[in-house]
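Structure record follows, encoded as structure tokens.
All of the numbers you see were taken from the coordinates with simple rules; none came from a lab. Model, not experiment: these values are computed from the prediction. Note that each Cβ is placed from the backbone with ideal geometry, even for glycine, and that neighbours are counted across all protein chains shown.
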Amino acid sequence: MEDIKNEELEEENGVSANTERPPPSFKGRLNMADFAFSPKLKIKSESPSPSPSPSRRSGGPRISLPETDNASLPRTKRKSSAHPTPSPSPKKKSRSPSGYAPPEVYAHLPELQDVVAPNLICIFIGLNPGIATATQGHAYAHPSNLFWKLLHSSGCTTRRCAPEEDGDLPRLFSLGNTNIVARPTRNGSELSKGEMDASVHVLEEKIRKYKPESVCIVGKSIWESIWRVKHGRKIKKEEFKYGWQDEEENMGNTEEGEKWEGAKVFVACSTSGLAATLLPTEKERIWRELGVWVEQRRNERVDAQVEQVS
């Protein structure tokens, strides 16, 4: 009876009762174990499978790569699942140089008054008043301007003066101050060469009127403008020099029959904080040459006054 039941079960499973069965073996037992129920296998199948590494290729052998913990790496070397496109860095705005500014732009600012008197040792000729100078009403008033510092270190003054003392220069040190252009601007580039050249004749008349022993041109561009007017052409590179100029370049002696030989011309570097062409030591050296002469002339004047009194 049991044999009949076994045959019926074998027919239902697709195995004929007359089919010869393979003998049992150890390999067969292992194959059967692959289909046995295991809780570990079930848990493993439910866990999400890791994403394939980019280095693996389909059809080729799998290469086991060590996993890297992002937290242990520097911020710049951490892996990121997303690769956002980096935004372009903002471009730095280039500062465009200032161009010509017509007089009406700064018409609300007052012109700087000249500090002059007859028979001074030296009158300093600047370019034109800046915003701070025009607003405060005193020469070279901007804190970055080196005029008052160089005036003292060179020996032109016996102490460092403040811009508010510019009106005392004639009385204290026999010095004066004026500009080639009277109207104020933010910087020299807002002036045109034409208006600078047109102001040279006014400057010559002013020097002829007050007859100083010398004039100091505070800046190369000022002397270039004076040269263009006097010689009718642009000064050549080899013709320019700082310091004392030749006697033929004296200013204020243009009238015929004038006995006065004119004011000696000394060309100094600009004292503006924007002028960085020369090193501080070079500026000191240029100004010191003028200061030695001013000290000598001031001492000679004092000695002359003492002799008159005695």
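Observations on the structure shown:
- Kirkwood hydrodynamic radius of region 105-309, from inverse mean 1/r over distinct Cα pairs, in Å: 17.4 Å
- Net charge dipole size for region 105-309 [Lys, Arg +1 and Asp, Glu -1 on Cβ; Debye, nearest 20]: 540 debye
- Positive end of the dipole of region 105-309 (Cβ unit charges, origin at the Cα centre): among G126, L146, A182, the Cα lying farthest that way belongs to L146.
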